[in-house]
1. For residue 122, all conditions in the list (1) part of a loop (DSSP other than H, G, I, E, B); (2) closer than 27 Å to residue 335 by Cβ; (3) within 16 Å of the ligand (Cβ to nearest atom) hold save one; what is the number of the exception?
2. Specify which of the listed residues (59, 54) is away from the ligand (no atom under 16 Å from the Cβ), of a type in the set (Lys, Arg) and touching a strand residue (DSSP E or B) at 6+ places or on another chain (Cβ under 9 Å).
3. If you go through region 107-114 one residue at a time, do you hit one that is open to solvent by 30 Å² or more (accessible area, probe 1.4 Å) and under 23 Å from residue 326 (Cβ atoms)?
4. Quick check on region 126-153: of everything there that is surrounded by fewer than 20 Cβ atoms within 10 Å (Cβ to Cβ) and either outside any helix (DSSP H, G or I) or in contact (Cβ under 8 Å) with a residue 60 or more places away in the chain (or both), which residue is farthest from the ligand (Cβ to nearest atom)?
5. What are the residues in region 192-251 that are in contact (Cβ under 8 Å) with a residue 60 or more places away in the chain and polar (S, T, N, Q), if any?
6. Which pairs do you get when a residue that is within 12 Å of residue 210 (Cα to Cα), found in region 59-82, comes within reach of a residue that is part of a strand (DSSP E or B) and away from the ligand (no atom under 16 Å from the Cβ), reach meaning Cβ atoms under 7 angstrom, with the pair 6+ apart or on two chains?
7. What number goes with the only condition from (1) buried (at least 17 other Cβ atoms within 10 Å of the Cβ); (2) within 16 Å of the ligand (Cβ to nearest atom); (3) at pLDDT below 95 that residue 313 does not pass?
8. For region 8-107, which fully contained helices (runs of 4 or more DSSP H) count at least 3 residues that are over 24 Å from the mean Cα position of the chain (by Cα)?
Amino acid sequence: MPALPIYMDHHATTPVDPRVLEAMLPFFTENFGNPASLTHEHGRRASNAVEDARFGIARFFGVALNEVYFTAGATESNNIALNLLAPGDHLITSAMEHKSIVVPARRLEKHGVEATLLTPDSEGFIDPDELRGALRPNTKLVSVEAANGEIGTLQDIVALGAICRERGVLFHSDVTQAAGKVPLDMTNVDLAAFSAHKLYGPKGIGGMIVRRGIRIEPIMLGGGQEKGARSGTVNVPGAVGMVTAFRIRGEEMAGEAGWLTSLRDILWDGIVEEVPGASVNGPRARRLPGNLNVSFERVESDSVMMAMRHFSLSSGSACSSGERSASPVLTAIGVPEALAYGSIRFGLGKSNTKEHVALLVDDLRRNVGRLREISAA
Ligand code: PMP
């Protein structure tokens with residue numbers, strides 16, 4: 001019997017890889033200097049570590065060294081990107097985006113920014129022609145994520161970015177769920193946001209890519225770190241952990257993606273065989289490898305997850321848990337409300353095994369069946 005509970009919520013966060021932790025530890029203790037303290041060796045060591053991290057991250061994404069900025073995570077990076085918009089500008093994004101895009105977009109609308117939310121198709125894809133049709137003379141920024149954290153849809157950010165390039169519009173992509181899981185072509189991306197904790201790195205550190213020539217309007221003002229784009233002492237152990245996580249992902253991502261895809265397929269085949277009334281939300285192909293999102297008819301996912309104490313699962317985005325409303329992502333792709341309330345997101349990661357999947361299917365069969373019996377009684 002494996003150790004319980006079994007973690008299957010890798011879109012919410014991932015455990016820190018022991019190799020990442022090992023690389024970070026000296027930067028809490030002996031190499032604790034402030035990277036801005038260049039008058040002494042302690043500071044220079046910290047500064048060198050931050051610049052080495054910047055180099056590794058630039059390499060991972062295939063961008064220039066001075067196009068990488070450290071932040072506290074993707075929420076902050078997304079907010080900074082949207083802060084480029086001023087009253088009178090037009091923003092294009094979609095209802096599929098993470099709340100750290102959707103909520104600032106709503107606030108911008110109250111301050112005179114026009115916003116268009118594109119409607120995805122039934123698998124969550126944004127149609128490049130629809131984006132083309134939504135562009136206006138005052139469109140300043142388009143923001144479309146590379147991968148969706150609920151239903152795994154992988155957008156064609158090359159095609160979407162190309163349309164923006166043609167029209168001289170900035171293209172921002174939240175690559176938080178995609179980075180380190182699938183190959184990313186950043187050719188047509190002007191700005192991007194990411195967080196280390198989604199790829200077996202630590203929480204509270206992330207970054208953004210900002211192409212040369214784009215002037216950031218900072219949110220944090222102060223000491224002028226990160227070329228003034230983000231004041232505040234850089235999280236040195238975090239930056240070291242994040243680059244170590246990216247380096248490991250660079251080496252292991254390709255092999256792991258194939259394996260996770262087959263584990264995900266075993267899970268879906270098991271559900272089809274054992275649990276009647278189940279349907280997949282999101283795409284069949286062009287989907288994050290470890291992602292499966294399933295709606296179970298005639299049950300509420302909250303009750304199923306509560307009953308399945310041996311598994312750490314979620315429905316929708318963890319950031320919105322506690323709120324009792326259907327997932328905006330499922331609503332955007334046209335999943336009926338009753339089925340949206342019966343949806344569970346399975347997020348497989350590198351610690352999961354075929355045995356975990358077999359136990360999960362068995363637990364789903366028993367609990368979904370039992371809850372349906374109770375509600376029918
Ligand atoms: N964007 C996406 C797509 C995400 O999945 C998340 C994390 N749920 C974020 C942004 C925010 O990341 P963080 O909480 O690390 O700031």
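1. The one condition residue 122 does not meet is (3).
2. Working: 59 fails: touching a strand residue (DSSP E or B) at 6+ places or on another chain (Cβ under 9 Å).
Residue meeting the stated conditions: 54.
3. Yes, because at least one residue in region 107-114 is open to solvent by 30 Å² or more (accessible area, probe 1.4 Å) and under 23 Å from residue 326 (Cβ atoms).
4. Of all residues in region 126-153, those surrounded by fewer than 20 Cβ atoms within 10 Å (Cβ to Cβ) come to 127-130, 132-138, 140.
In the following step, the residues that additionally are either outside any helix (DSSP H, G or I) or in contact (Cβ under 8 Å) with a residue 60 or more places away in the chain (or both) were identified as 127, 135-138, 140.
On the way: 127: 20, 135: 24, 136: 26, 137: 29, 138: 26, 140: 21 Å.
Taking the candidates together, the pick is 137.
5. 195, 225, 233, 235, 244
6. What qualifies is 67/210; 69/210.
7. (3)
8. On the way: elements: 18-24, 41-61, 74-82.
In region 8-107, 41-61 are the helices (runs of 4 or more DSSP H) which contain 3 or more residues that are over 24 Å from the mean Cα position of the chain (by Cα).
The values are calculated or read from the model by the stated rules, or taken from the named source; none is laboratory data. In this text the structure is predicted, and so the values were computed from the model without any measurement. We place every Cβ from the backbone using ideal geometry, glycine too, and count neighbours over all the protein chains shown. Heavy atoms of the whole protein, side chains included, go into the accessibility calculation; ligands, DNA and RNA do not. Shrake-Rupley method; radii C 1.70, N 1.55, O 1.52, S 1.80 Å.
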